Each structure stands twice: as structure tokens, then as C-alpha cells.
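Here's the structure we're looking at; comments come further down.
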């Protein structure tokens, strides 16, 4: 890392907890590689202190910051504007300070689209996509898949009402993608037969738990699997994919992809290709 001096600009990430975040390692590596006089740090912000923390970051002139759980939606009222990526996802993961105005972006979904291309050689227009989950991660994913040209997306959630709410929210937007709901496990099974990609947007798998209602044997022979979970690196879903010979990837590429896009928003340049992902792989392998 370069020598910190009086001209060093500050970037960071806010969340609670945030000590486990891998973003400081990959972002500081990219800043050093680009010889930029910035430093990236983690700020542990309790939900009760969110408003005053945002005021403090603005007052101190912090150049920008990432936003992680549990603040991605609750931060919105304290910002001065939203990019279309954040508007469509109803969530913010990146904030840029533009002359004292805090503008929110969402690079999660576009990071996913980038990772699908790099890790699975898949483009959103390549076929039907089944999305498991209907939370914030699912919304960001569907929004970006729509922008990237997906023709049909099917959403399955254990609580159908949440899936319906998500689908109805997209009906209010100018979205040409057909977005459907798999109401139960039998409908999910039917949709999976014609799907080219299945994406798990839930946290199921982090503790080696099995994703209920999903049997990858129902997926077509050329179907692919993307699990947003990246720790452990091989989730039960990915293990099942390996056993039956289906191509699959975890969420590490998405984490790197969203970080690269956030870096570009703050600095105006892209970091060296593959650098952030390489940093993450080194951490996970150590």
C-alpha cells in the first residue's frame, strides 16, 4: 500500500457486522495497482446509528463507500439521489460523494451478469432463468438480468406472496422480460426442465444446509447453476451439480464483479482485469 498522507482520499464499506468483509483487501489491492492515493476501510455502523453515520461520512468528505447488510435499503432515505440501477433494485450497495451529494448505485446485479459471462459463459438472453428467492438479492439480480436482455425469468420462493410482490413491482417498470412465478414445487420442476440457468439468491448453503424443493436432476442437460453463496466455496447445491456433471459457479465472481464496478464509479477507471477475483481466491484458499 502507498504512503498515506494529507491528500489521501477515503473509501470504505458500512455494515453491521462488517469485520468479516473481504472488500478492503481487494479494493486496496486495486488502488495500489492503479497507484491511486486512496485508502479503503471498514466502518461498523449499527442500524440505530445509520442516519448520523451517513451525515458524518458526508461531512468528512469521504469519497465513497459500499453498503452491506443490513443497510442496503434503509440507507435510501438518507441519500440525495439514486442511479437507475439502485432505483430498479430498491437497494444500494455503492455510494459516491459528488460535491457533497451522496448518490446511490447498485452494482450487485451487474456484477452477477459479469460473473455469469466469465464463470459460466452464459448471457442473459441464452434461455430461461430460474431464480430461487425473492429478497433483495433476487430483486437486484432480476433487475440486472432484465436490463441485460433476459427473455424469461421464473421466480420461486417458499413464501409465494413475496415472489408475487417482486413480480408486481417489475410490472410497473418498462421491462420487456417475461417474469413468472413458480407457485409450488411441481411448477418449479416443470420450469426447470426448460431452464438454461438456475440462480440461488438465498443464503441457504452457508451452513452446509440443503436448498429445499430444488433437485438439479430436473434441470436440462445443458443447464447451469449459479450459487451466490461463496463461503463455503462448494455448497451442497454446487456439490450436487458436480455429481451429475452440470456446470456451476459460486458467488465469488459476483463479489469481485460488483467491486470492480464500484471502483470504476468512484475513480473513473477499471482496476486491472482479474485482480480482485485473484485476491479473493487467495484469501479463500489460505
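No lab work stands behind these numbers, since they all come straight from the coordinates. What you see is a predicted model; the values in this text were computed from it and never measured. No Cβ is skipped: glycine too gets one built from the backbone with ideal geometry, and neighbour counts run over all protein chains shown.
Tabulated data for the structure shown
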| read-out | value |
| --- | --- |
| Relative contact order of the chain, pairs being alpha-carbon contacts under 8 Å that are 6 or more residues apart, as % | 17 |
| Descending semi-axes in whole angstrom, ellipsoid equivalent of segment 161-250, from the Cα gyration tensor | 24, 16, 12 |
| Computed E for residue 208/residue 44 - FRET, C-beta separation, R0 45 angstrom, nearest 0.05 | 0.95 |
| Full-stretch length increase - residue 76, residue 33 - with 0.36 nm per residue and alpha-carbon distance subtracted | 12.3 nm |
| Cα long-axis angle, helix 252-267 against the chain (0 to 90 degrees, to the nearest 10) | 40 |
| Rounded tilt (10° steps) of 275-285 against the dominant C-alpha axis of the chain | 70 |
| Mean residue ellipticity (222 nm) of the chain, computed from DSSP H runs ≥ 4 via -39,500 (n - 2.57), nearest 500 | -11000 deg cm²/dmol |
| Sequence ranges 63-69, 215-221, ranked by mean other-Cβ count within 10 angstrom, highest first | 63-69, 215-221 |
| Helix axis angle, 50-59 relative to the chain longest principal axis, alpha carbon, degrees | 50 |
| Contour excess over end-to-end distance, with Cα ends at residue 55 and residue 239 and 0.36 nm allotted per residue | 61.7 nm |
| Relative contact order (%) - segment 109-250, alpha-carbon pairs under 8 angstrom, separation at least six | 22 |
| Label-point separation in nm, residue 123 to residue 178, each point 7 Å along Cα→Cβ | 2.0 |
| Centroid-to-centroid separation of segment 44-71 and segment 1-28 [C-alpha atoms, Å] | 13 |
| Rounded if a/c under 1.5, otherwise prolate or oblate - the chain, Cα gyration tensor axes | prolate |
| Label-to-label distance, nm, for residues given as residue 222 and residue 264 (7 Å Cα→Cβ offset) | 2.9 |
